[in-house]
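Here's the structure, in structure tokens; my notes come after.
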Amino acid sequence: MASAHPPAPVLCGLGTWLPPHVVTNDDLSRELDTSDEWIRSRTGIGRRHVADPGTATSDLAVEAGRRALKSAGLDAADTVVVATTTPDRPCPATAPLVASELGLGTVPAFDVGAVCTGFLYALATAAGFLAAGSAGTVLVIGADTYSSILDPADRSTRAIFGDGAGAVVLRAGDPDEPGALGRVELGSDGRGCDLITVPSGGSRDPIRAETADRADPFFRMEGKKVFRNAVERMAESSQTAAERLGWGVGDVDLLVAHQANIRIMHAVADRLCLPRSRCHVHLDRVGNTAAASIPLALADAAATGRLQPGDRIVTTAFGGGLTWGAAALRWPDVSPA
Ligand code: UT7
């Protein structure tokens, strides 16, 4: 007999990868007009990992993807979705190469672009594939190499971003089992597209020989305006995601927010009347890793015992676009690899 519900997306594997090279705040302060004291007090960040020259986003994504499959006890997945703002190349997408490198054959593979909210958009996309019966397992990877788009002279972005990748495996399952994701809440507001942007190099402002001297190929962010929007949108979407599973916000054991700034995470917790101690903090060791931030933080929370099977968690993000979102789930019995 057909089931009354479409299959729910159930998290069954988690893997991460960070490039080995670590850059501390003191390292940055030898190059730029900044200090460990400023970066820690304004952001909560202490260090970040940076990819060596020649390492691309697909290299990080493949390592994280391999580990997520291992954590799920699988050697294949039916579909690969990569969330990234820093693809190996503007064309083609990065996911097909990742799928091939993982030995997954000719499975559907494509990228999702929603900047720091990309991982949540990719989860929602994967959930659609599972609900439609188009896949039984989906490998969802968030991977970014922001060091490739940062202006070496811009202290406000160099202090914040780090490189990395995190991946989960979602399988078709039952909405009541641990690991089942509730509906992913998503939103966007393109009126804010200039607040987080790489101004040149796209179709709006292609880099051509005759315009090269005024082109800006680097990542730019209006931090203060983004900060205000991020708090409001992450708090709202977190509350909705929790309520959709019938939880009060106070029932949430751990808030795993996009690791943009500890002051943003604390402000979101305050707005939700959730004790700040229920925010998982990982950015002190990795900075803001964009699309990789949520799976990296989930893996850190699970590996350090901060997350226990059965815990109620809400995960939320905000990023360029502008885009935002949140998802809620009960933590499954999964060990990150
Ligand atoms: O991941 C996507 C979502 N991103 C976010 O959510 C990021 C949101 N924004 C933020 O986290 C914060 O706005 C920042 C950390 C980016 C900046 O903190 P802020 O408290 O908003 O500082 P600000 O941009 O208003 O800058 C204050 C001052 C400026 O100097 P003046 O103009 O007042 O002289 C900056 O030039 O701090 C200066 N500054 C720095 N000083 C030392 C900016 N970056 C640095 C730095 N070291 N690294």
| request: Take the residues in the stretch 283-337 that are farther than 16 Å from A143 by Cα and touching an Asp or Glu at 6+ places or on another chain (Cβ under 6 Å), then tell me which one is nearest to the ligand (Cβ to nearest atom). | output: L322
| So, of the residues in the stretch 248-280 that are in a loop (DSSP other than H, G, I, E, B) and within 14 Å of the ligand (Cβ to nearest atom), which turns out to be nearest to V82 (Cα to Cα)? | H258
| message | Please determine whether any residue of the stretch 20-40 is assigned to a loop (DSSP other than H, G, I, E, B), of a type in the set (A, V, I, L, M), touching a His at 6+ places or on another chain (Cβ under 7 Å) and more than 16 Å from the ligand (Cβ to nearest atom). | response | no
| request: Looking at (1) at pLDDT 95 or above; (2) surrounded by fewer than 14 Cβ atoms within 10 Å (Cβ to Cβ); (3) farther than 20 Å from L120 by Cβ, find the lone condition where G190 falls short. | output: (3)
| note | Residue hits (the stretch 67-105; within 30 Å of P217 (Cβ to Cβ), touching a helix residue (DSSP H, G or I) at 6+ places or on another chain (Cβ under 7 Å) and of a type in the set (S, T, Y)) are T84, T85, T86, T94
| query | Looking at A131, is it part of a helix (DSSP H, G or I), in contact with a Pro (Cβ under 6 Å, 6 or more places away or on another chain) and in the same structural domain as D78 (by TED's automatic domain parsing)? | reply | yes
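The values are calculated or read from the model by the stated rules, or taken from the named source; none is laboratory data. No experiment lies behind these values; they were computed from the predicted model shown. Don't worry about glycine lacking a Cβ; one is built from the backbone with ideal geometry, like all the others, and counts go over all protein chains shown.
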